[in-house]
1. Going through region 37-66 one residue at a time, which ones are modelled with pLDDT under 95 and of a type in the set (Val, Ile, Thr)?
2. For region 1-25, give me each residue that is surrounded by 14 or more Cβ atoms within 10 Å (Cβ to Cβ) and either touching a His at 6+ places or on another chain (Cβ under 7 Å) or closer than 11 Å to VAL90 by Cα (or both).
Amino acid sequence: MLDKYEFDAIICEVKDRGGAYVVFPWDIRQEFGAGRAAVSVLFDGIPYDGSIVNMRVKDAQGNTCYIIGMLKSIRAKLGKQDGDSVHVIVRKR
């Protein structure tokens with residue numbers, strides 16, 4: 001397990017629910033030894049405590065993706081929306 005995971009991600013909106021998420025590009029079972037991980041996240045420097053989870057999201061190849069939710073309030077502070085890029089830093093809590 002790394003001390004921190006740093007990457008750029010595209011914000012994906014959940015159209016019917018108003019929520020959004022970014023895909024965590026590592027295998028969390030391999031990295032954290034579980035299918036869910038409590039994490040502290042920075043989205044372009046804005047802090048958020050949440051979890052990396054499997055919400056049955058699949059990539060284009062049909063592989064399971066693990067995601068981190070992104071609050072509307074964070075998107076509003078960043079002035080970002082669906083399809084925009086965000087710099088993400090993740091640490092296990």
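1. Residues satisfying the conditions are VAL53, VAL57, THR64.
2. Once the filter is applied, which keeps residues that are surrounded by 14 or more Cβ atoms within 10 Å (Cβ to Cβ) and either touching a His at 6+ places or on another chain (Cβ under 7 Å) or closer than 11 Å to VAL90 by Cα (or both), region 1-25 yields TYR5, PHE7, PHE24.
The values are calculated or read from the model by the stated rules, or taken from the named source; none is laboratory data. Quick caveat: nothing in here was measured; it's all calculated off a predicted structure. All Cβ positions, glycine included, derive from the backbone under ideal geometry; neighbour counts span all protein chains shown.
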